[in-house]
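Here the structure is laid out as structure tokens; the discussion comes afterwards.
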């Protein structure tokens, strides 16, 4: 049996939201994405951390999906409701 390399898990928090410092919880507020230059820099850093293809999972929250699409635009996103933020009532 051939030796396999260990799996790598990279967790990325969503971009700032339009909730303006308030806890959004399950409110589906959009992200406030950084300027194009900052996104390009972040994509370059991710390329170093994620050589080759990767699996991309996201919460169904709009701010999470927008962040994932902005950082890895050519990667298919799998939404997983278990990643949704806790409901605070």
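Bear in mind these aren't lab numbers, they're just calculated from the coordinates by the rules spelled out. All figures in this text were calculated on a predicted structure; none of them were measured in a lab. Virtual Cβ from ideal backbone geometry, glycine too; neighbours counted across all protein chains shown.
Of note:
- Checking each residue in the range 16-52 for being assigned to a loop (DSSP other than H, G, I, E, B) and closer than 22 Å to residue 74 by Cβ picks out 30, 33, 34, 35, 50, 51, 52.
- Count - residues of the range 61-83 that are part of a loop (DSSP other than H, G, I, E, B), surrounded by 16 or more Cβ atoms within 10 Å (Cβ to Cβ) and more than 9 Å from the chain's Cα centre (by Cα): 1
- For the range 15-53, a tally of residues being in contact (Cβ under 8 Å) with a residue 40 or more places away in the chain and farther than 17 Å from residue 68 by Cα returns 4.
- Across the range 1-16, the number of residues qualifying as surrounded by 14 or more Cβ atoms within 10 Å (Cβ to Cβ) and either over 20 Å from residue 82 (Cβ atoms) or more than 15 Å from the chain's Cα centre (by Cα) (or both) comes to 2.
- Picking from residues in the range 54-69 that are in contact with a helix residue (DSSP H, G or I) (Cβ under 7 Å, 6 or more places away or on another chain) and touching a residue at least 24 places away in the same chain (Cβ under 8 Å), the one that is farthest from residue 85 (Cα to Cα) is 57.
- Exclusive hit being more than 16 Å from residue 83 (Cβ to Cβ) and either surrounded by 10 or more Cβ atoms within 10 Å (Cβ to Cβ) or in contact with a strand residue (DSSP E or B) (Cβ under 7 Å, 6 or more places away or on another chain) (or both), set 38, 31: 38
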